[in-house]
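The values are calculated or read from the model by the stated rules, or taken from the named source; none is laboratory data. All values derive from a computational prediction rather than experimental measurement. For neighbour counting, all protein chains shown are included, and Cβ atoms are generated from backbone atoms with ideal geometry for every residue, glycine included. To get the accessible areas, we keep the full protein, side chains included, count just its heavy atoms, and leave off ligands, DNA and RNA. Shrake-Rupley method; radii C 1.70, N 1.55, O 1.52, S 1.80 Å.
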Amino acid sequence: MGDSSDSVSIDMETASLSGKDYVIETCSGLVSVSVYGDQDKPALVTYPDLALNYTSCFQGLLFCPEACSLLLHNFCLYHISPPGHELGAATISPDDPLLSVDDLADQVAEVLNYFGLEAVMCMGVTAGAYILTLFAMKYRQRVLGLILISPLCNAPSWTEWLYNKVLSNLLYYYGMCGVVKELLLKRYFSKEARGSAQVPESDAVLACKRLLDERQGLNVWRFLEAINGRQDISDGLRKLLCRSLVFVGENSPFHFESLDMTSGLDRRYSALVEVQACGSMVTQEQPHAMLIPMEYFLTGYRMYRPPKLSASPRSTLSPIFLSPELLTPESMGLKLKPIKTRISLEL
C-alpha cells in the first residue's frame, strides 16, 4: 500500500483488491466481516440496516467515486453483517437462541478484539446505527466518532411495534415474499426512488430488490425481533465521548426519530444533515450528499488526507481553503451546526 502521496486511483485499486472475508466466532455466535483496505490505516466499522449487508446498504456510497476515494484513502473498512445476513448465508439453526441488541453490540466489541483494534470510527444505517450507538455507549473509549444514517434511539412506538410484528409474522411464515420486499423498500427509499406507473424504479431500488432475494427470511426475522425489542437509549446520548454526524432523508419514515436523537446529542459535538427528496438509506439514494459533510467531520479528527495527485472533483476542501479554526477539535462542534442539503434529483 502506498503512502498518502499516492494517487487515489492507485490507493482505491489496491484497497479493492485486498478485500477479505472473515467468519469470527463470538460468545453469541458467528459473525461475518468483510475487510477492505490497508489494515495499518484507521478503522471504519460499518453496520447495515435490517435485511441488508454492506453490499446492499453501502455500495451506492462506495460506487460514488469521490466518496469511495475519501473513505478508502483514509480508512480500512470493516463491514460487519448481522448474523445470517452475509452473502450466501444459510438459514440459522432454530436451536440457536435469539440475540438481543446488547448481544449484537457486544459482538462488535469482539470483532474489534479479533483484529486488535482499539478505537474506531463507526458508520451505521437505521437499525445498524442503533447497534453502533449502543456499542459506543457500552464501550465509550473504543469509538472515535459516529456517522449515523437515519438512526434510531427510542424504543419502538406502538405503531412501529405493530408494523414490525406484521412484518415479523410474514417473514416467519412466508419468508422473503413480495409483500415483505415492498414493506422493506418503503423503509429504505423515498416514494420517488421506488417509482410509479409513470416513473420507473431507480437503479438503487432495482439492485436492492435483487439482493433481498438472497436473504433468508428466518435470519431477517431474528434481527427484526432484536430491533423490535430495543430499549430507549436517548438518556445516554449526552454521555457519549465521541462526535456524531447524523444524516437523514426528509422522506424517511424515521425522520422524526432522527431529529429527536440529534436533539439529545451534545450540540457542541454533533451535526445534522437533512437530505431533500431522500428516504432512510442516504448511502444508496443520495450518496453525494454525504461527501462534503464527511470531509469536514474527518478534518476535525485530522483524519482527512487529501490526495496530492488526484483530488475529488466535487470537493471544495483542500489545505489552502481550510480556515485554521477548523483544524482545532474544540471548535469542531461550532462548525458542524445543523444544516440542510439541497440535492437535486438529477445528481
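Quick notes on this one:
- Tensor-based shape of the range 218-263 (alpha-carbon gyration tensor, a/c under 1.5 rounded, otherwise prolate or oblate): oblate
- Heavy-atom SASA rank of 210, 230, 187 (probe 1.4 Å, accessible area, largest first): 210, 187, 230
- Residue 95 exposes around 140 Å² of accessible area when a 1.4 Å probe is run over every protein chain in place.
- Taking a ≥ b ≥ c as the square roots of the eigenvalues of the alpha carbon gyration tensor, the range 225-308 is oblate, as a/c is not under 1.5 and a/b does not beat b/c.
- Along the axis of the charge dipole computed for the range 155-297 (Cβ charges of +1 for Lys and Arg, -1 for Asp and Glu, origin at the Cα centre), the listed residues 199, 164, 284 are led at the positive end by 164.
- Counting only protein chain heavy atoms and rolling a 1.4 Å probe, the accessible areas of 199, 220 rank, largest first, as 199, 220.
- Averaged over its residues, the range 226-272 has an accessible area of 44 Å² per residue, based on protein heavy atoms and a 1.4 Å probe.
- Long-range HN-HN contacts of residue 270 with modeled amide H, under 5 Å: 244
- Distances between placed amide hydrogens fall under 5 Å for residue 45 paired with 78, 121, 122, 123, all partners being 5 or more residues away or on another chain.
- Euclidean distance of C-alpha centroids, the range 73-100 and the range 115-177, integer Å: 13
- Per-residue surface analysis assigns residue 147 an accessible area of about 0 Å², computed on protein heavy atoms at 1.4 Å probe radius.
- Vicinal HN-Hα couplings computed from phi for the range 241-257 (Karplus, 6.51 cos²θ - 1.76 cosθ + 1.60; Hz; Gly/Pro x): 8, 10, 7, 9, 10, 10, 10, 8, x, 5, 9, 6, x, 10, 4, 4, 5
- Within-14-Å neighbourhood charge of residue 154 [Cβ basis; K, R +1; D, E -1]: -4
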